[in-house]
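Below: one structure, written as structure tokens.
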Amino acid sequence: MAPKRKSGTAKAAAKAAQKLAEAAPPLENLDFLEAGAGSTSALYRVASSDPCRERRPVQDENASEVVPPGSFPNPYLVIDFNDKHGVWQKETALSKALGQDPATSCRHATPGFWRPAGLRNLGATCYLNSLLQYLFFNLDFRYSLLRAPSQSQVVAALQRVFALLSEGESLVVDPKDFVTAARVDALEQADATEFSALLLDWLQRELSAGGGAEFIPALFEGQSSTIVQCSQDPSHFSEKPESFMELRAGLSPVAVALEAKEATGRKSGPKTKPGAKKSNKKLPTIRLEQILEETAFPEEVLDGSNQWLCPRCDRKVDAKRTTRLSKLPPYLHVTVERYHFEAETAQRKRLAHPVSFPRRLELRLGGALASQRPEATSSETAMLPVAYECIGYLEHVSDSAHSGHYRATLLREEEEPYVSAVAGLVGDEVKEPALKRPKVDDPDAAAGAPQKRSWWRLDDESVTPVESVESEASGAGAPKAAEGTSSSSAAPPQASDPERIESATAYLVLYRRCDHDPGQLCQGRRVSGVPRTAPPLSSELQRCVDEHNTELRRQRKEFESNSLAVERFVGERRRAVMCLAEALRALHPSQGSSSDLNLVPSPWLERFLRGEDRTLQNILEGDASIQPPIYSSSLIQGRTGHALDPLAVWCGEVKLLPTAALEQVGGQFGGLDSSTFLRAEAAMNEEVATLVFKAFEHFRKEFHLKGVLQSNRFSVTDVRAVESSEQGFAVWISIRQLNQWKKVVGDTSSTASLRQLWRCFVQEVHEYRFGISPEGGAADAPEASDDEVAVEASRLEVPSDVKEATTPRVKPLTLLGGLLCRHQLLSRPRAAALVSRSQLEELLEVSHEKDSAFRELWQSAASMRPRVRTGLPGNKLLSFADVCSECRGAGTEEVKRKATGSGRPQAKRKASTGKQAEREGSAFNNSVFLSSAASNPPEAETAKVAVDFDSEPPLLE
């Protein structure tokens with residue numbers, strides 16, 4: 001997601017704040033650096049003249065101070081209420097460690113409100129979740145499956161899923177056990193209708209062993225007959241009966257015919273001007289009755305070469321082929337086939353035409369659609385209309401025919417007493433969500449249909465009520481997939497017919513016969529005024545549900561207990577922080593002396609202010625005590641004992657707090673004990689301060705010499721002219737090393753300010769102490785191993801603000817890095833420059849003195865020495881004549897040799913680029929729902945590819 005752009009006002013405010021910060025006076029007084037020895041208090045930043053002592057020790061929320069760029073951390077700023085992780089915030093680190101409240105994942109948290117549970121998506125199982133939700137909403141299927149006897153582990157897993165959806169208290173049910181038992185690939189997409197056919201067929205075969213599979217064909221199986229009638233004699237006909245589990249409505253022929261008709265109309269209409277913009281016209285809406293009439297119940301005339309051989313006429317005659325319904329099931333599935341194969345592009349495309357399907361669909365036994373055949377006569381008594389009511393539909397939301405997302409919009413038809421029992425309010429009225437009830441035609445009110453009806457959108461874990469299924473379907477069915485149009489430019493949905501539902505994503509439309517009462521197959525027809533409840537679960541399923549609900553209640557109770565413990569700890573810590581803030585405001589650091597200050601480690605103080613010094617486990621065990629501070633590397637081992645490292649104050653590793661403020665807080669509210677902290681006056685050391693000033697003087701000299709060397713270079717012509725009279729006055733140095741120095745010191749070091757020098761010095765010391773390679777340092781000296789550096793770094797604590805203050809680190813280089821050959825001479829003179837020998841020798845001497853000062857101060861620091869080295873034994877320098885005539889240019893020849901592919905033989909490795917061939921079918925082709933006769937295709941042979949792992953890109957000088 002692209003970041004939001006700042007508005008013009010915000011940019012102007014940011015520029016104004018930046019200019020104000022640049023014009024602000026510095027926050028540090030560095031005059032003590034010129035005075036040198038005798039300025040110990042100023043070096044430790046405890047002097048009364050330090051400007052930071054005049055600043056506020058507590059930063060209020062939404063308040064900001066002008067801080068000039070390049071300022072050092074303020075050691076007197078103790079509490080910043082702008083910290084988003086502070087213990088004063090509504091959500092703390094401990095509250096996050098508690099995790100999500102289990103009560104929010106329970107659907108019975110609100111008394112009297114019943115909400116269907118969702119199903120967890122295990123990767124790409126949205127098609128499975130949508131189908132299982134429909135089968136669960138189908139009361140006949142649910143009750144029949146839950147009481148069906150079976151020894152199959154897959155059936156048992158599916159029964160557990162339905163039992164948890166029915167009476168479990170969890171808001172989301174995990175179908176992992178069912179998916180694992182059925183060996184369904186949860187990471188591969190599949191077709192919902194294909195999976196429906198496989199699942200129902202497998203359940204029917206699996207349950208037939210126990211005699212409980214009769215409900216599947218009784219609910220979903222219908223029968224039709226294909227009739228071929230002779231045109232010479234209507235009494236001559238052939239009838240072929242066949243059963244079906246769903247009606248398939250092919251959208252492709254109807255949509256193609258409509259598009260062809262529109263294309264013809266556009267050709268005959270007025271021509272558009274060239275260059276005119278094409279209007280994003282909405283795709284035409286197609287009625288489901290029209291699709292069924294033309295694809296599911298077509299009338300085909302057999303004539304010409306396609307004549308029918310009449311057995312009674314004993315010759316080929318013209319005939320008419322029709323399809324008639326002979327038996328209609330209680331639940332009818334209509335699949336809208338939205339896929340079209342384009343012969344021109346040889347690609348499968350998805351049709352995004354909106355389909356309008358009725359809420360009341362009438363079919364005719366012995367015929368097809370009752371609305372298309374109103375001319376029934378008295379002799380056609382068998383052709384009776386059968387009314388169906390829409391109870392939901394499954395949607396395929398995608399622009400592609402090969403992938404997408406499935407979700408379901410279903411009508412809940414529950415029994416009122418059963419819902420009350422599940423919600424825990426037996427005898428009370430169940431509160432339904434305050435929604436606008438969709439107007440549903442109730443053609444069979446005498447059958448006693450349930451009064452509690454509501455529409456729900458089930459999208460994996462998300463379960464939301466639908467106010468108006470017509471508006472929801474119209475909004476979701478916008479023609480997003482229409483080519484040449486965009487979703488933002490599509491026309492708004494028009495007012496839909498309340499008796500119809502329009503959707504551009506509906507894939508499987510679900511109907512129930514109006515004369516069939518939900519749950520009738522198991523409990524018989526409902527008697528008006530007589531309540532009935534759902535059949536009880538088996539003992540095994542009831543035990544599974546009880547264990548699940550008991551575990552949820554235990555988690556809720558445990559979470560409530562843990563939350564109370566955390567709230568008590570956080571409340572005490574908040575009172576301690578507020579008390580400390582009031583004491584700091586009352587006792588300003590400028591009012592005291594160095595003897596009235598305590599040293600507090602910044603990492604320890606940060607954890608204290610955020611409540612992170614105690615873990616959740618400590619609090620739950622009743623251990624809320626405050627841990628003593630650990631100063632770690634902020635102390636230096638001197639001759640008289642441990643002393644505070646003055647540069648730890650400048651790096652922000654310690655804070656300076658008034659002793660009176662700590663004593664005022666005391667031990668109340670789990671507060672602070674001033675006796676556990678070091679006094680600033682006792683931690684200061686004159687000897688350490690003298691060594692720091694000495695190291696800084698060496699650093700200043702080294703800084704100046706680096707600037708002189710990178711700005712004063714000799715050309716080869718100048719050296720040749722002087723070399724005859726003065727031998728060896730010029731020496732070689734790597735250009736890359738000079739460029740690194742230029743990044744640090746600039747074009748010249750003569751204009752470097754005292755503030756710039758001190759900041760570079762503090763940064764180099766910080767990197768040295770924590771084992772980080774400083775910029776422009778050398779790495780050729782004997783260094784500590786990686787394990788030693790890692791152990792030392794893990795022992796040190798680096799404050800977060802110090803980490804952010806460090807600049808990007810560059811790999812250290814030597815003066816002759818990458819320029820030496822095996823003869824210890826210069827082999828690449830084009831990558832080197834000539835500088836003065838005397839100046840470079842002086843730099844090496846000053847760097848050695850600085851390194852000695854660093855070692856004397858920080859003996860236990862990691863050994864990434866920031867000392868300048870040549871890369872040769874004894875820091876030997878190479879003069880102008882020390883160029884190897886044998887190896888000169890070898891680097892360029894090596895690059896050319898590798899580029900042409902000649903030289904050492906290539907190392908060939910076998911890389912298996914073959915991949916197992918994709919198996920035909922869907923994600924469940926290896927599941928238990930397939931017959932045992934299905935076999936998998938052989939694996940594709942792996943191809944052997946020779947890969948050159950030694951090839952390198954040419955190096956450019």
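The values are calculated or read from the model by the stated rules, or taken from the named source; none is laboratory data. Please read these numbers as outputs of a predicted model, since none were measured by experiment. Every residue, glycine as well, gets a Cβ built from its backbone with ideal geometry; the counts of neighbours run over all protein chains shown. Accessible surface areas use protein heavy atoms only, side chains included; no ligands, DNA or RNA. Shrake-Rupley method; radii C 1.70, N 1.55, O 1.52, S 1.80 Å.
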Practice task
Look through segment 626-643, keep the residues that are touching a residue at least 40 places away in the same chain (Cβ under 8 Å) and of a type in the set (Ser, Thr, Tyr), and return whichever of them is nearest to Arg575 (Cα to Cα).
Solution key: Tyr631
Practice task
Would you point out which residue out of Arg160, Arg205 is of a type in the set (Lys, Arg) and closer than 25 Å to Glu246 by Cα?
Solution key: Arg205
Problem - Criterion: open to solvent by 40 Å² or more (accessible area, probe 1.4 Å), over 15 Å from Val46 (Cβ atoms), at pLDDT below 85 and out of contact with any Pro (no Cβ under 7 Å at 6 or more places or on another chain) - qualifying residue of Ser675, Ser633 - result: Ser675
Handout entry: Tally, over segment 52-63, of residues that are polar (S, T, N, Q) and either assigned to a loop (DSSP other than H, G, I, E, B) or open to solvent by 60 Å² or more (accessible area, probe 1.4 Å) (or both)
Key = 1
Fill in the blank from the handout: Quick count over segment 539-573, residues being among the polar types (S, T, N, Q) and open to solvent by 50 Å² or more (accessible area, probe 1.4 Å), is 5
Practice task
Starting from segment 306-320, keep only residues that are within 9 Å of Cys230 (Cα to Cα), then list their pairs with residues that are β-branched (Val, Ile, Thr) and surrounded by 15 or more Cβ atoms within 10 Å (Cβ to Cβ) whose Cβ atoms are within a distance under 7 Å, requiring at least 6 positions of separation or different chains.
Solution key: Trp308/Val228; Trp308/Val317; Cys310/Val317; Ala319/Val228
Exercise for the section: Quick one: Val66 ticks every box in (1) in contact with a His (Cβ under 8 Å, 6 or more places away or on another chain); (2) loosely packed, with under 15 Cβ neighbours inside 10 Å except a single one, so which number is it? Expected result: (1)
Exercise for the section: Tell me, please, whether a residue that is surrounded by 20 or more Cβ atoms within 10 Å (Cβ to Cβ), under 24 Å from Ser852 (Cα atoms), of a type in the set (A, V, I, L, M, F, W, C) and modelled with pLDDT under 90 can be found in segment 744-757. Expected result: yes
Problem - Odd one out for Ala124 among (1) within 22 Å of Val397 (Cβ to Cβ); (2) outside any loop (DSSP other than H, G, I, E, B); (3) of a type outside the set (Asp, Glu) - result: (2)
Practice task
Would you list the strands (runs of 3 or more DSSP E) that sit entirely within segment 248-346 and hold 3 or more residues that are under 29 Å from Glu502 (Cα atoms) and at pLDDT 85 or above?
Solution key: 319-327, 331-337
Practice task
Determine, yes or no, whether Ser196 is surrounded by fewer than 22 Cβ atoms within 10 Å (Cβ to Cβ) and of a type in the set (Ser, Thr, Tyr).
Solution key: no
Exercise for the section: Find all pairs meeting these conditions: Cβ atoms under 7 angstrom apart; at least six residues apart or on different chains; first residue within segment 596-621 and farther than 11 Å from Gly86 by Cα; second residue of a type in the set (S, T, N, Q) and buried (at least 22 other Cβ atoms within 10 Å of the Cβ). Expected result: Pro601/Ser634
Practice task
Determine whether segment 134-152 contains at least one residue that is open to solvent by 20 Å² or more (accessible area, probe 1.4 Å) and of a type in the set (S, T, N, Q).
Solution key: yes
Practice task
Only residues in segment 23-42 that are at positive phi count as the first member; pair them with residues that are modelled with pLDDT of 80 or more, Cβ under 7 angstrom, at least 6 apart or cross-chain, and list the lot.
Solution key: Gly36/Phe693
Problem - Options Leu158, Leu187, Leu165; residue that is modelled with pLDDT under 95 and either under 19 Å from Leu410 (Cα atoms) or in contact with a Phe, Trp or Tyr (Cβ under 7 Å, 6 or more places away or on another chain) (or both) - result: Leu165
Exercise for the section: Check segment 70-78 and report whether any residue there is over 30 Å from Arg554 (Cα atoms) and open to solvent by 50 Å² or more (accessible area, probe 1.4 Å). Expected result: no
Practice task
Can you tell me which residue within segment 87-107, out of those that are charged (D, E, K, R) and open to solvent by 40 Å² or more (accessible area, probe 1.4 Å), is nearest to Glu61 (Cα to Cα)?
Solution key: Lys90
Fill in the blank from the handout: Per the filter on segment 314-346, residues farther than 30 Å from Pro234 by Cα and open to solvent by 90 Å² or more (accessible area, probe 1.4 Å) are Phe341, Glu344
Problem - Which listed residue is within 33 Å of the chain's Cα centre (by Cα) and part of a loop (DSSP other than H, G, I, E, B), from Gln189, Gln151 - result: Gln189
